[in-house]
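The values are calculated or read from the model by the stated rules, or taken from the named source; none is laboratory data. Values in this document were obtained by computation on a predicted structure and should not be read as measured data. FYI the Cβ positions are ideal-geometry reconstructions off the backbone, even for glycines, and counts take in every protein chain you see. For the accessible areas, the whole protein counts, side chains as well, though only heavy atoms, and no ligand, DNA or RNA atoms are used. Shrake-Rupley method; radii C 1.70, N 1.55, O 1.52, S 1.80 Å.
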Amino acid sequence: MCDLQYDLTYNDFNPTILFASKLKMAVEDKYHCHKDFTELTVILSGKGKYCVEGVTCDVEAGDIIICNPGMYHRNILVDKEEPTVEFFTGFYGYHFKNMPPESIVLRDGGYLLRLPTDARHEVLKQCYEMLAENAACQIGKYFMLKAHLMQILLIMMRQIMGVPQQKQKGCNFETYSKSYAVKKIVNYLNENYEQKISLDQIAHNMYLSPVYVSKIFKEETGESPINYLIKIRLEKARDILGGEGMSSIKSIANAVGYEDVYHFSKLFKKYYGISPQNYRKEIQKQMTLED
C-alpha cells in the first residue's frame with residue numbers, strides 16, 4: 001500500500017504558468033529580480049556561472065537555478081564561443097509543505113539544484129516538451145505547458161524532500177543530451193527536407209554551434225547532418241519516381257528541396273547508380289511486365 005506521508009502541498013497544487021522559453025546566453029543580462037513570480041532556469045547545454053543574491057556558482061547542463069520572488073539574479077558569460085543555452089519558465093500560485101508560499105527552499109539555503117542522473121534526464125525531456133508545445137501553438141497549449149511544469153516541480157521536490165526512489169540503472173547525462181539533440185535534428189530534417197536547409201540553420205534552431213552539431217550527429221549516426229538530409233531527399237524522390245504520376249524531373253527535384261535539377265540528377269546517380277530518368281523507365285518497364 002502506498003504511504004502518503006510524502007504529500008507535498010497544502011490545499012491545491014495549481015501553479016499558474018506565465019512563460020516558457022529558451023535562450024542562448026551570448027550576453028550577460030542585468031542584475032534583476034521578479035517580484036510577483038518564481039523563475040526556474042535549466043541549463044540545457046554549455047557551462048557558465050550564475051549569480052543569485054550575491055552568491056556566484058558554476059553551472060552546467062542539467063543544473064536548475066531557483067529564483068524565488070524578489071531574488072536578484074543574472075547570468076555571467078564565461079565563454080563567448082560556447083555560451084550556455086538556458087530554458088527558463090516563470091510561474092506563481094503554489095505552496096509546498098514546510099516552505100513559505102510562492103517559494104522553493106533548498107536544504108542548504110542555496111539556489112542551485114543539481115539532480116541525480118535519472119531526474120536530470122526527465123527534467124531535460126520536460127523542458128524540450130514545453131518548448132515544442134510552445135512552438136506548435138495547438139489547442140490546450142496552456143494546460144500542456146502547465147502539466148509539464150508540474151512534473152518538473154514534483155521531480156525537484158522529490159529530490160529536495162529526500163523521498164526514497166527505486167534505484168535504476170543510470171546512464172551518462174552528456175550522452176543522453178547528445179542523443180536527444182540528435183533525435184530532434186533528425187525529426188527536423190524529416191519534417192522539413194523540402195525546404196532550404198544548411199548546417200548553420202540546423203545549429204541556429206538547436207541553439208548550438210555548427211561544429212558541435214556536426215560532431216554529435218556523426219557520433220550518433222555515423223554521418224554528417226547534410227549527408228543524412230541528402231539521403232532523406234533522395235529516398236523521397238525515389239518514392240515519387242516509382243509512383244504512377246508523371247511529374248517532371250525538375251518538379252520532383254523541387255519537391256524534395258533542390259532548385260538545380262542537374263545537381264539533383266547528379267546526386268541521384270551517385271547514390272543509386274542510375275539517373276532519375278532511367279530509374280523511372282526501369283520502374284515503368286517492370287510495371288508493364290507485371291501487367
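Quick check for you: with a 1.4 Å probe and neighbouring chains kept, what is the accessible area per residue of the stretch 79-168, in Å²?
Values: 4800 Å² over 90 residues.
On a per-residue basis, 53 Å².
Once the dipole of the stretch 190-266 is set up with Lys and Arg at +1 and Asp and Glu at -1 on Cβ about the Cα centre, which of ILE249, PRO210, ILE232 lies farthest towards its positive end?
Going by the charge dipole, the pick is ILE249.
Return the carbon/sulfur percentage of the accessible area of the stretch 192-276, one whole number, probe 1.4 Å, all protein chains in place.
Ligands and nucleic acids excluded, carbon and sulfur reach 52 percent.
Place a +1 charge on the Cβ of each Lys and Arg in the chain and a -1 charge on the Cβ of each Asp and Glu, then give the dipole magnitude about the Cα centre in debye, rounded to the nearest 20.
Values: 35 positive and 36 negative charges, 145 e Å.
Using only the charged Cβ atoms, the result is roughly 700 debye.
Measuring from label point to label point, each 7 Å out along Cα→Cβ, what is the LYS30 to LYS269 span in nm?
About 6.2 nm, to one decimal.
Summing -39500 (n - 2.57) over the DSSP H runs of n ≥ 4 in the chain and dividing by its residue number, what mean residue ellipticity at 222 nm do you reach, to the nearest 500 deg cm²/dmol?
Mean residue ellipticity, 222 nm, calculated: -14500 deg cm²/dmol.
What are the equivalent ellipsoid semi-axes of the chain, built from the alpha-carbon gyration tensor (square roots of five times its eigenvalues), in whole angstrom, biggest first?
48, 21, 17
Tell me, what is the percent relative contact order of the chain, built from C-alpha pairs under 8 Å that lie six or more residues apart?
It rounds to 14 percent for the chain.
Give me the mean projected area, in nm² to one decimal, of the convex hull enclosing the Cα positions of the stretch 40-121.
5.8
Report in % the part of the accessible area of the stretch 27-132 that belongs to carbon and sulfur, leaving out ligands and nucleic acids; probe 1.4 Å.
51
Could you let me know the centre-to-centre spacing of the stretch 208-231 and the stretch 12-44, using Cα atoms, in angstrom?
Taking the Cα centre of the stretch 12-44 as reference, the centre of the stretch 208-231 is 31 Å away.
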